[in-house]
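Asker: Pasting a structure here, questions to come.
The values are calculated or read from the model by the stated rules, or taken from the named source; none is laboratory data. In this text the structure is predicted, and so the values were computed from the model without any measurement. Here the Cβ positions follow ideal geometry from the backbone for every residue, glycine too, while neighbour counts run over all protein chains shown.
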Amino acid sequence: MEVFVSRAVRRSRSRKSFAYVAGAALAAPLALTGAAHAVTTAAVSEYTVTALQFTVTAGGRSCTVDADLYRPAGADAAHPAPAVLATNGFGGSKSDGSTDAIGKAFASRGYVGLVYSGLGFGRSGCLITLDDPAIDGRAATGLIDFLAGTRAADDGTKADFVTKDGKGDPRVGMIGGSYGGAIQMATAAVDRRVDALVPLITWNDLSYALDPNNTATSKGVSSHTPGAFKWQWTNGFYLMGEGQPILAPGLDPSRFGDLTCLHFAPRACDTIRLLNSGRYPADRAGAMLDYARSVSPVSYLGKVKAPTLLVQGQTDSLFNLNEATATYRTLKSQGTTTKMIWQSWGHSGGQAPGELDLNEGNLETSYVGQRVLAWFDRYLRHSGSTDTGPEFAYYRDWKSGYGTAAAVPALSQKVYLSGDGKLVDNRSKVTRGSRQYANWLVPTSHSESSLAGIIGLPDPEPYDTHGTYLGWTSAPLTSAVDVVGAPRATLKVVSPKTERVQNSGDAADKLVLFAKVYDVAPDGSRTLVNRLVSPVRVPDVTRKFTVQLPGIVHRYRAGHRLEFVIASSDSAYFGNRGIKPVTVVSAPDDTGVLELPVVAGG
């Protein structure tokens, strides 16, 4: 079915994908710093939309992929246009507001758009396989074949109006958020024909995203030891996936597994069951980590050569800034053209006026939108004069425009954990002392209710219960301190009960703690920046360990104080098994250290 569309009258649909909903309501223009120039993707007013289906083989199953082709007016064999390929966030489809908005936005600017429902979603068949490059990525190559003109849609439709770099090689970029972000890297890893990527708010390693351990990292954000299970986010997605046959009814047998795993690949269900069990026997934990990484960019980024503009959200407890930073550094180190933007909004909210909202089509008037247009202008239209902007940019709420830098700022300032509960700026000021906390069998600290904002429920302010955490507080700041990046802490704890069981062969017997940094105002009120915490499963309580805290962009204002906290639990995660008292000892020559990436002038 083909529909003739005028951009001026077509309205976006109201339903948004579960994992891409956070960026939905941003509108007003924002003053820009370091914006790209010479963007030539002028908007056109009309395009057609044609519903298509493609039969693909994915994971040993034959199934149908449901897609919409957006063809700009005037695009034909004599006047071809580059293409933009996109799919939905988790739980969405080609028809949700944020996904079909991509087709509209780029078709109205002269690109051929091909937007499809990912495997297992909407009216597309097959199981949900978590953007596995060998399955989801390979399925996407069939759609790239269509754009190349080397295969037809199931109804016989062929595309002879896409710009080509050679026989069978269409000029094609990809854009999308969350689940629609990782698929870009999965596709580029198995198909070198992809020319440009713009992954938004997506993951580097699912084992970290769902079960983070922010210590003993072996590569990027990845650790060999399971962390603390992020049960709210994970089970929300699991229920969304298993409910697809009800949420998107259909009788396609390729969409169904068995009674123990209705709609996911079996290993995905095995992973969820293990995480919910609260146990990590070595053999099963290792298999879980291996599987989660096999479907994650961390395992295949070496094959991604397409120029990549990474956009990650600061307000995101699902896929935090550290994940994008790990992807960025890997791509840069292997020579892949890469730049990175930290915008305000992510899965946890954080909507700020003027930021990119594809539903509004505000590409030309938002900083990130301008950068996206420039990226595609450069790598899809081959406009060599287009400036694609700085290497690194970050949204800041205390100053107009985006801050920019040649790289993610390095750790530059140290403070020390004193025995009297103070954060001090010199080891000589550290007071000898020891302090203790203990966990309860129920969570006693709260950072967030992960799904509260998405389903419209109130979320209590963060809190910690006396006796179940330790905090170290600085003196009031004499001037503002701007932190851009991920703080890091080096700690040593004493826990005899943990020491007796930590080598049991089940990682769940190791100590769990949650590190975080509060902004304490002069009136004593505390703000946990973007409600982010750093879960840690301590490898060995007899040794020092390093904690990587979540990346933030935050100004600690003059008169405010920093408070570094380690808590015994957090309501958004599984915590300790059993009661495990913890003591922290401080001395001038042997104490914890907090390092901050401080920038001058913001």
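Asker: Restricted to region 568-598, and to residues that are in a strand (DSSP E or B) and farther than 24 Å from Gln312 by Cβ, which residue is farthest from the chain's Cα centre (by Cα)?
Answerer: So the residue we want is Ala587.
Asker: Which one of these does Val599 not meet: (1) surrounded by 21 or more Cβ atoms within 10 Å (Cβ to Cβ); (2) among the hydrophobic types (A, V, I, L, M, F, W, C); (3) touching a strand residue (DSSP E or B) at 6+ places or on another chain (Cβ under 7 Å)?
Answerer: Of (1) surrounded by 21 or more Cβ atoms within 10 Å (Cβ to Cβ); (2) among the hydrophobic types (A, V, I, L, M, F, W, C); (3) touching a strand residue (DSSP E or B) at 6+ places or on another chain (Cβ under 7 Å), only one is false for Val599: (1).
Asker: Would you be able to say whether some residue in region 462-476 is exposed (fewer than 15 other Cβ atoms within 10 Å of the Cβ), touching a residue at least 40 places away in the same chain (Cβ under 8 Å) and either within 30 Å of Gly602 (Cα to Cα) or of a type outside the set (A, V, I, L, M) (or both)?
Answerer: yes
Asker: Can you name the strands (runs of 3 or more DSSP E) wholly within region 363-450 that have at least 3 residues being within 21 Å of the chain's Cα centre (by Cα)?
Answerer: Details: elements: 392-395, 402-405, 413-417, 433-437.
Ranges flagged: 392-395, 402-405.
Asker: Those residues that are surrounded by 22 or more Cβ atoms within 10 Å (Cβ to Cβ) and either basic (Lys, Arg) or farther than 20 Å from Lys516 by Cβ (or both), I need them from region 206-233; list them, please.
Answerer: Leu206, Ser207, Pro226, Lys230
Asker: Please go through region 495-526 and give me each residue that is of a type in the set (S, T, N, Q) and in contact (Cβ under 8 Å) with a residue 60 or more places away in the chain, ordered by number.
Answerer: Ser495, Thr498
Results for (1) in contact with a strand residue (DSSP E or B) (Cβ under 7 Å, 6 or more places away or on another chain); (2) surrounded by fewer than 19 Cβ atoms within 10 Å (Cβ to Cβ), shown as yes or no for each residue.
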{"position": "Pro245", "(1), (2)": "no, yes"}
{"position": "Pro249", "(1), (2)": "no, yes"}
{"position": "Arg255", "(1), (2)": "no, no"}
{"position": "Thr271", "(1), (2)": "no, no"}
{"position": "Asn276", "(1), (2)": "no, yes"}
{"position": "Arg279", "(1), (2)": "yes, yes"}
{"position": "Ala292", "(1), (2)": "no, no"}
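Asker: Further question on the same structure: For region 569-583, which residues satisfy the criterion of being buried (at least 21 other Cβ atoms within 10 Å of the Cβ) and basic (Lys, Arg)?
Answerer: Lys580
Asker: Check whether at least one residue in region 299-307 is of a type in the set (Ser, Thr, Tyr), within 23 Å of Val65 (Cα to Cα), touching a residue at least 24 places away in the same chain (Cβ under 8 Å) and in contact with a helix residue (DSSP H, G or I) (Cβ under 8 Å, 6 or more places away or on another chain), and report yes or no. Lay out the reasoning, then the answer.
Answerer: Looking only at region 299-307, we keep the residues that are of a type in the set (Ser, Thr, Tyr), and these are 299-300.
With within 23 Å of Val65 (Cα to Cα) added as a condition, the list becomes none.
No - not one qualifying residue is present in region 299-307.
Asker: Looking at region 161-174, I want the residues that are under 13 Å from Phe146 (Cα atoms) and have a partner that is surrounded by fewer than 16 Cβ atoms within 10 Å (Cβ to Cβ) and of a type in the set (A, V, I, L, M) with Cβ atoms under 7 Å, at least 6 apart or on another chain. Which pairs are those?
Answerer: Once the first residue is under 13 Å from Phe146 (Cα atoms) and sits in region 161-174, its partners that are surrounded by fewer than 16 Cβ atoms within 10 Å (Cβ to Cβ) and of a type in the set (A, V, I, L, M) give Phe161/Ala77.
Asker: Is region 317-334 home to any residue that is in a strand (DSSP E or B), surrounded by 22 or more Cβ atoms within 10 Å (Cβ to Cβ) and either in contact with a strand residue (DSSP E or B) (Cβ under 8 Å, 6 or more places away or on another chain) or touching a residue at least 24 places away in the same chain (Cβ under 8 Å) (or both)?
Answerer: No: region 317-334 contains no residue that is in a strand (DSSP E or B), surrounded by 22 or more Cβ atoms within 10 Å (Cβ to Cβ) and either in contact with a strand residue (DSSP E or B) (Cβ under 8 Å, 6 or more places away or on another chain) or touching a residue at least 24 places away in the same chain (Cβ under 8 Å) (or both).
Asker: State which residue is modelled with the lowest pLDDT when the search covers only region 347-372 and only residues that are of a type in the set (A, V, I, L, M) and crowded, with 22+ Cβ neighbours inside 10 Å.
Answerer: Among them, the one singled out is Leu358.
Asker: Identify, from the list Val430, Val424, the residue that is among the β-branched types (Val, Ile, Thr), within 21 Å of Ser586 (Cβ to Cβ) and free of Cβ contacts under 8 Å to residues at least 60 places away in the same chain.
Answerer: Val424
Asker: Being touching a Ser or Thr at 6+ places or on another chain (Cβ under 9 Å), of a type in the set (A, V, I, L, M, F, W, C) and either under 30 Å from Val599 (Cβ atoms) or assigned by TED's automatic domain parsing to the domain that holds Phe574 (or both) is the requirement here; does Val483 meet it?
Answerer: For Val483, the condition - touching a Ser or Thr at 6+ places or on another chain (Cβ under 9 Å), of a type in the set (A, V, I, L, M, F, W, C) and either under 30 Å from Val599 (Cβ atoms) or assigned by TED's automatic domain parsing to the domain that holds Phe574 (or both) - is not met.
Asker: Another question about this same structure. Can you pull out the strands (runs of 3 or more DSSP E) entirely within region 61-117 that have at least 2 residues that are touching a Cys at 6+ places or on another chain (Cβ under 8 Å) and in contact (Cβ under 8 Å) with a residue 60 or more places away in the chain?
Answerer: 61-72
Asker: Among the residues of region 336-346, is there at least one that is assigned to a helix (DSSP H, G or I) and at pLDDT 95 or above?
Answerer: Residues of region 336-346 that are assigned to a helix (DSSP H, G or I), as a first pass: none.
For region 336-346, residues assigned to a helix (DSSP H, G or I) and at pLDDT 95 or above: absent.
Asker: May I ask you to list the residues in region 234-243 that are crowded, with 23+ Cβ neighbours inside 10 Å and either assigned by TED's automatic domain parsing to the domain that holds Phe121 or among the aliphatic types (A, V, I, L, M) (or both)?
Answerer: Within region 234-243, no residue meets the criteria.
Asker: Filter region 181-240 down to the residues that are closer than 16 Å to Phe319 by Cα, in contact with a Lys or Arg (Cβ under 8 Å, 6 or more places away or on another chain) and among the charged types (D, E, K, R) and list them by number.
Answerer: If the condition is that a residue be closer than 16 Å to Phe319 by Cα, in contact with a Lys or Arg (Cβ under 8 Å, 6 or more places away or on another chain) and among the charged types (D, E, K, R), then Asp205, Asp211 are the ones that fit.
Asker: Given Arg381, Arg396, Arg427, which one is buried (at least 16 other Cβ atoms within 10 Å of the Cβ) and farther than 23 Å from Gly176 by Cβ?
Answerer: Selected residue: Arg396, the only one of Arg381, Arg396, Arg427 that is buried (at least 16 other Cβ atoms within 10 Å of the Cβ) and farther than 23 Å from Gly176 by Cβ.
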